[in-house]
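Shown next, in structure tokens, is the structure this report addresses.
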């Protein structure tokens, strides 16, 4: 009966907010059907729900394409307000201290705290507090990672060889690093076992400090360290950022239309890795993956290798589809800008998609487990038989589906602004977006399919 | 430090911007580019070329808009019907 209530509520919204809200209505109905444990309460077929999501993206593109006034687009993207923050000079040393203390605390609690992950405050701090909560704050508010980053604080105080970095590698080591971290996160019990977490954090600390020692902290954290790059890129979405020395307020996502963030194809590769990583993370936790992977493992393929293969193969597929879309975009627009230049210019909007997906994946997780983190952090060394969790209402599933759609809509708008910045003709700019829109519709449909599936533990490990 | 690169197929027409060197496949696009990206440097003749190229876009753009709104209407009512029939 709860399902019907939320369905009616969203139904009323739908009549008010038109197309996008129709998607919300179906979404809530879908989520409710899941929480009802198999009892079919809603007759909306999955394909219609997926088509509606795709249509919402197509409609967003059409609506964005009606805005052809360059002055208006520039005004939206150039809007800035100074935002003096009281006590800002104090914030940096405090954040540094907090970061280093947090890292030391994670080590101690992971090694000497309770051995059950759900009751260990270090595990909860890393996954709930940091990877879910802090990451959300970087794209929803603003990134303070350069100050908080404990490895940076440590490396800055250690000597360094300042060897010259092999330039031809570019940002590719950070791409490999990000994919490797995702793989470890999925296949190892790092999210459940405190001792494994301590080992992974120790390994990451060792690699990072050694790298910063060899190439210098500036170079290492700017180019190679995948974590610093993730937060730097996510921070571009945020409404708060430091620009020219002072903190400025801007409209969320509008800085994605600036093309100076991404300056080579290696960095495009990292943005795509970020988008793919969030998708992969969700995909391997679906029953669809379980039924596809089981026969392969039964045929003798080691599960770890299969997970790695799908991670690498999916990444190459995403890069290939993006390049294909860019090539078609170039042809449709009729421009002499090279494919490499277009790929670089249209990559930052993809960050909005990655953030929307991250939010869909982790907002519920964060809210559910935040009470556990708060309780266990108070007495980190004692094992509690039970830890409190927040029980989210059934309609909360809809929130994830909406954030996936919102990420795509923001990306479409940012790409529209990039197109108007890149091409002198108005119709030329609109046409350049057809291939990207088609790719995005297909991607939305697959994302919604993943988000709408029940979440299971990654199987066969 | 970030430079755009160009890829001009051999044998294709090239109209190069005298101010920044960016090549265009059509004279119309060059005229638009000069007006949008170098408004302070162009002379009266280039200004006139920009305005006429900008005006010339109005009709196709209007046709595009009508088509876009048409597709939006079809999408909206198509989905409305689908939801009415299937749920």
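Taking every residue in B:68-80, how many Cβ atoms of other protein chains lie within 10 Å of its Cβ, on average?
Numbers: counts 7, 3, 1, 3, 8, 0, 0, 8, 5, 0, 2, 10, 5.
Mean number of neighbouring Cβ atoms from other chains: 4.
Which Rg and Dmax, in Å, describe the Cα atoms of segment A:79-389?
Considering segment A:79-389 through its Cα atoms, Rg and Dmax are 20.5, 66 Å.
What is the Cα convex hull volume of segment A:254-366 when expressed per residue in Å³? List each step's numbers first, then the result.
Values: hull volume 15.1 nm³, N = 113.
So the per-residue hull volume is 134 Å³.
Run lengths n ≥ 4 of DSSP H only: what is the helix-derived mean residue ellipticity at 222 nm for chain A, with -39500 (n - 2.57) per run over all residues, to the nearest 500?
On the way: 19 runs with 307 residues, N = 461.
Per the formula, -22000 deg cm²/dmol.
In the P(r) worked out for segment A:65-124, what percent of Cα pairs fall beyond 13 Å?
75 percent
Order of A:186-192, B:57-63 by packing, highest average Cβ count within 10 Å first?
Values: A:186-192: 17.0, B:57-63: 12.3.
Peptide ranking by packing, descending: A:186-192, B:57-63.
Quote the FRET efficiency, to the nearest 0.05, computed for residue B:12 versus residue B:38 with a Förster distance R0 of 30 Å and r equal to the Cβ-Cβ distance.
Working: r = 23 Å, r/R0 = 0.78.
It comes to 0.80.
Once both labels are modelled 7 Å past Cα along the beta-carbon direction, what's the residue B:52-residue B:74 spacing in nm?
Between residue B:52 and residue B:74, the simple spin-label model gives 3.7 nm.
Over segment A:69-204, what per residue volume does the convex hull of the Cα atoms give, in whole Å³?
On the way: hull volume 26.5 nm³, N = 136.
About 195 Å³ per residue, rounded to a whole number.
Does anyone have the angle between helix B:44-56 and the longest principal axis of chain B? Alpha-carbon axes, 0 to 90°, nearest 10?
20 degrees
Let me have the relative contact order for chain A, percent, based on Cα pairs under 8 Å that are six or more residues apart. If you can, show how the numbers build up before the last one.
Numbers: 641 pairs, mean separation 111.4, N = 461.
Averaging sequence separation for qualifying contacts and normalising by length gives 24 percent for chain A.
Could you work out the mean projected area of the convex hull around the alpha carbons of segment B:1-56, in square nanometres to one decimal?
Details: hull surface 18.3 nm².
Directional mean of the projected Cα hull area for segment B:1-56 stands at 4.6 nm².
Could you work out how far helix B:58-86 tilts from the main Cα principal axis of chain B, as a 0 to 90 degree angle to the nearest 10?
Helix B:58-86 sits at roughly 20 degrees to that axis.
Between the alpha-carbon centers of segment A:295-357 and segment A:255-271, tell me the distance in whole angstrom.
Rounded to whole Å, the Cα centres lie 14 Å apart.
Counting other beta carbons within 10 Å of each Cβ, put B:38, A:361 in order, fewest first. Provide the component values of the computation, followed by the final result.
Details: B:38 15, A:361 22.
Taking fewest neighbouring Cβ atoms as first place, the list is B:38, A:361.
Can you tell me what percent of all Cα-Cα pairs in the protein assembly as shown are more than 33 Å apart?
Values: 71904 of 149878 pairs.
Taking all Cα-Cα pairs of the protein assembly as shown, the fraction more than 33 Å apart is 48 percent.
Where the centre of each part is set by its Cα atoms, how far does segment A:400-461 sit from segment A:121-167, in angstrom?
Computed from Cα coordinates, the inter-centre distance equals 28 Å.
Could you tell me what a quarter of the Cα convex hull surface of segment A:319-461 works out to, in nm² with one decimal place? Present the calculation step by step, with values, prior to reporting the outcome.
Details: hull surface 48.5 nm².
Seen from a random direction, the Cα hull of segment A:319-461 projects 12.1 nm² on average.
How far apart, in nanometres, would the label points at residue A:317 and residue A:104 be if each is projected 7 angstrom from Cα along the Cα-to-Cβ direction?
Each label point is offset 7 Å from its Cα along the Cβ direction, giving 4.7 nm.
What is the Rg over Rh value, at two decimals, for segment A:154-287, using alpha-carbon atoms and the Kirkwood definition of Rh? Mind showing how you got there, number by number?
Working: Rg = 16.7 Å, Rh = 16.7 Å.
A ratio of 1.00.
Multiply the residue gap between residue A:391 and residue A:199 by 0.36 nm, knock off their C-alpha separation, and tell me the result in nm, one decimal place. All intermediate terms of the calculation are to be shown ahead of the outcome.
On the way: separation 192, 0.36 × 192 = 69.12 nm, distance 3.16 nm.
Once the chain is fully extended between residue A:391 and residue A:199, it gains 66.0 nm.
Coordinate-derived values only; no laboratory data. Given the structure is predicted, the values throughout are model-derived calculations rather than measurements. In this analysis, Cβ positions are derived from the backbone assuming ideal geometry, glycine residues included, and neighbour counts consider all displayed protein chains.
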